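Here is the structure we will look at.
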Amino acid sequence: MPRQAYRGVGGVRVSSDHCVRLEPYEITNAAMVGVLRQVAAIRSNLKDRFGYNRNTPWEDHIRGALGELAFSKWARTYWAPSVNTFENADIGDRWQIRTRSEPWHDLIVRPTDSDNQWFVLVIGTNDTWTIKGGIVGIDAKKPEYIADHGGRDEAYFVPASKLMQPEELQFLM
């Protein structure tokens, strides 16, 4: 749970462990973006490109949008709530947000992901989200990080301990 609050990047109220609380209206907005993303995938008959077959696409799209919004709130930057912009950065022109639900999950970077963009691990559920850290794509693509968790295609799974800490990411904003 969050520790004592302080003013983070741009004065956003976050905890000392880089925890961001989303307000109910923010959760609603991000959840609607997640729903729109799933509806667009259904309409276009899109299947996961990386062998993902877990039966939670609605939840996954909503969680992803919530993680993007949490990062943008932490970074005090604009979040463009987009749909079908797969190759674009999630935030600005260089930030890819990878949202996971469990605190022990690693940051996932795919072989086809950009070498020059930053990948940020955001973990959370409901209204509480934690910025764990980030890494530039090329640095994530090391042989020791390759795994095929969950029976999916191989990817790079970077442990949180190997990520640039949130305090350091603030200098890149």
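Sub-9 Å Cβ pairs linking a first residue in the stretch 160-173 that is in contact (Cβ under 8 Å) with a residue 12 or more places away in the chain to a second residue that is surrounded by fewer than 16 Cβ atoms within 10 Å (Cβ to Cβ) and among the aromatic types (Phe, Trp, Tyr), at least 6 apart or interchain, are ALA160/TRP104, ordered by first then second residue.
Within the bounds of the stretch 147-158, is there any residue that is open to solvent by 20 Å² or more (accessible area, probe 1.4 Å), assigned to a helix (DSSP H, G or I) and modelled with pLDDT of 90 or more? The answer is no; no qualifying residue exists.
The criterion of at least 1 residues that are basic (Lys, Arg) and at pLDDT 65 or above is met, among strands (runs of 3 or more DSSP E) falling completely within the stretch 1-71, by 19-21. Among the residues of the stretch 88-100, those that are in contact with a Gly (Cβ under 9 Å, 6 or more places away or on another chain), open to solvent by less than 30 Å² (accessible area, probe 1.4 Å) and not β-branched (Val, Ile, Thr) comprise TRP95, GLN96. Residues in the stretch 105-142 that are over 20 Å from GLY34 (Cβ atoms) and out of contact with any strand residue (DSSP E or B) (no Cβ under 9 Å at 6 or more places or on another chain): THR112, ILE138. Within the stretch 89-97, the presence of at least one residue that is of a type in the set (Val, Ile, Thr) and closer than 21 Å to MET32 by Cα is confirmed.
The values are calculated or read from the model by the stated rules, or taken from the named source; none is laboratory data. Everything numeric in this text was worked out from a predicted model, so none of it was measured. Cβ coordinates were reconstructed from backbone atoms using ideal geometry, including for glycine residues, and neighbour counts include every protein chain displayed. These area figures cover heavy atoms from the full protein model, side chains too; ligands, DNA and RNA do not enter into them. Shrake-Rupley method; radii C 1.70, N 1.55, O 1.52, S 1.80 Å.
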